[in-house]
Amino acid sequence: MAAAITTMAFSITGCKMIEKTPEAIQKTVLAKVGDEKITMADVDSELQADIDYLIETYGEDYENNIDDSLKEQLKTVRTQVLEQLVDDKVLITKGTELGYMPSDDELATAIEEEKAKFVEAWMVGEDWLKEALEYYGMSEWKNFNSFVEKYG
């Protein structure tokens, strides 16, 4: 009986001693759509500007330094981003299966139209838009080229 209790005690405390590294956490698969995996790194890359702010404000260990309400907000936002990524992958997968994927020319035209709308609505120059996109990791050519390589 004592041996069983000792074994259980070591098992319980041992589980708390093994912590995942930040790199392992980023590789954690949160969802899978077909053969596509969505990891914590994918979710966090969508929130990079917010994470940069948290690091600047609370330090590299921001997840342990923020209060419970902020932790809950971060969890909620990550869940929303994950749901959006899943929705996007489902739509792209189904669209590809059904042959609804636009041509390269249609994609390029749509990108230019949206870019023009944004520049006009916010009255910013193309240089500012390019800087903003790069800051958020959304260089239109990087995303366009990777999209075409993957689905084109």
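Rolling a 1.4 Å probe over the protein heavy atoms leaves Ile92 with an accessible area of roughly 40 Å².
Across segment 43-49, computed HN-Hα scalar couplings (Karplus, 6.51 cos²θ - 1.76 cosθ + 1.60, θ = phi - 60°) run 5, 5, 5, 6, 10, 4, 4 Hz from first to last residue, x flagging Gly and Pro.
With kT/(6 pi eta Rh) evaluated at 37 °C and eta = 0.692 mPa s, and Rh the Kirkwood radius from Cα pairs, segment 9-130 diffuses with a coefficient of 181 µm²/s according to Stokes-Einstein.
Extents of segment 60-141, largest first, come to 48, 38, 21 Å (Cα atoms, principal axes, whole angstrom).
Multiply the residue separation of Ser103 and Lys27 by 0.36 nm, subtract the distance between their alpha-carbon atoms, and state the gained length in nm to one decimal. Can you show the working numbers first?
Details: separation 76, 0.36 × 76 = 27.36 nm, distance 3.26 nm.
Extra length available between Ser103 and Lys27 comes to 24.1 nm.
The calculated pair-distance distribution of segment 59-99 uses every alpha carbon pair, bins of 10 angstrom beginning at 0, and gives 27, 30, 20, 16, 7 percent. Amide H contacts for Leu30 (H built 1.01 Å from N in the peptide plane; partners 5 or more residues away or on another chain; cut-off under 5 Å): Ile38, Thr39, Met40.
For the pair Glu114 and Glu63 in one chain, pulling the backbone fully straight at 0.36 nm per residue adds 14.8 nm over the alpha carbon distance. The phi-based Karplus calculation (6.51 cos²θ - 1.76 cosθ + 1.60; θ = phi - 60°) puts the 3J(HN,Hα) values of segment 92-101 at 5, 4, 5, x, 5, 4, 8, x, 9, 6 Hz, whole numbers, x for Gly and Pro.
The values are calculated or read from the model by the stated rules, or taken from the named source; none is laboratory data. Bear in mind the structure is a predicted one, so any value in this text is a computation, not a measurement. Calculation scope for accessible area: heavy atoms of the full protein, side chains included, ligands and nucleic acids excluded. Shrake-Rupley method; radii C 1.70, N 1.55, O 1.52, S 1.80 Å.
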